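FYI, it's all coordinate maths here, none of it is from the lab. None of these values were measured; they are calculated from a predicted model. Cβ atoms come from the backbone with ideal geometry, glycine included; neighbour counts cover every protein chain shown.
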Amino acid sequence: MTPAANPAFADAPDAALIVAFANGDTAAAAEIMARFAPRVLAQATRLLRDQAEAEDVTQEAFLRLWRVAPRWQQGQAALSTWLYQVTSNLALDRLRRRHRSNTSLDAVAEPQDDEPAAVDRLQMQARQEALGAALAQLPERQAQAVALRHLEGLANPQIAEIMEITTEAVESLVARGKRALAAQLMARKQELGFDDD
Amino acid sequence: MMTDKTDPKSEAFLDALFDERRAEDVAPPSDALMARMMADASAALADAAQVATPVGIPRPSPIAGLWAALGGWLGAGGLAAATLTGLWVGIAQPAALDSLNDALLGQSQTLTIFSTTDPFGSEG
């Protein structure tokens, strides 16, 4: 059974929770999970579009946190930043593995059903599958920057902190990533249900 | 010169794809997931406690332990000096000891409480 978070921890800074956990307090772990597990799971889900895989990534990200907690340095990256970074790496890793043996976007299933609502739904599925496959084919840093910017909606300075690079480098990675995505996906625009006007 | 901009049509197309992805439902963490993560947390704490009392580090040999108990090289130097002094005292001639006594304590006096000719006092 999951222990309830200790109310005394409700206002504690994230770093203090890590220290408390490293000193053996599992209620601190419960508080950390309450604060960050929903966001980590959402980030993994948006990249992977697969609940089971997203849960695996979430569990793995937190497992890494539990293991690193005794060596957590006061003043190092914020827990939130660290989790964005680890989750992004883990989820992109899985996405790339998933598409490694299936590198052609043509392999993404075509809509089969004729019902209008069903066609829309299946086209949406196909579009998002195509987006995932295209993201998986980007160089890793470009994919990470694009995902943090356009799937998580983070600002460039925050992405710069997560990726430990300059804001200018983030802008460049995002722009190059988007050009590469466009090059892969624009040819299939109509097929994926977008009007070519 | 290479531009960092995507063309407006591509930009709009990609934005539509990203918007669609962000609008998808995301389930909150299930109780089962939270329980698995909490079990991981407890196991990590147990592992960390084991690391604090390591079992895989080889114990020092008895000789190494004795060497350490003697104080290492510093202790061994003192021990060697004491041993050599003892050895010298043991094998040195009495005259040499006398001269050492004289040097350390001044002129020595010999006190005889038994006659050397009548050690048992039988002559009264």
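Structure values in brief
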| read-out | value |
| --- | --- |
| Calculated from backbone phi, Karplus (6.51, -1.76, 1.60) coupling profile of segment A:121-130 in Hz, x at Gly/Pro | 5, 5, 5, 4, 4, 5, 4, 6, 4, 5 |
| Value at 222 nm in deg cm²/dmol, rounded to 500, when DSSP H runs of n ≥ 4 in chain A each add -39,500 (n - 2.57) | -21500 deg cm²/dmol |
| Simple label model, 7 Å out from Cα along Cβ direction - residue A:71 to residue B:49, nm | 2.2 |
| Interchain or long-range residues, amide H under 5 Å from residue A:193's placed H | none |
| Inter-label distance, nm, simple model (7 Å from Cα along the C-beta direction), residue A:63/residue A:98 | 1.9 |
| FRET efficiency for residue B:31 and residue B:9, using Cβ-Cβ distance with R0 set to 35 Å, rounded to 0.05 | 0.15 |
| Calculated from backbone phi, Karplus (6.51, -1.76, 1.60) coupling profile of segment A:51-61 in Hz, x at Gly/Pro | 4, 5, 5, 5, 5, 4, 5, 4, 4, 5, 4 |
| Dipole magnitude of chain A, debye to nearest 20 (Cβ charges: Lys/Arg +1, Asp/Glu -1, about Cα centre) | 680 |
| In sequence order, calculated HN-Hα J values of segment B:35-43 (Karplus, 6.51, -1.76, 1.60; Hz; x Gly/Pro) | 5, 5, 5, 5, 4, 4, 4, 5, 5 |
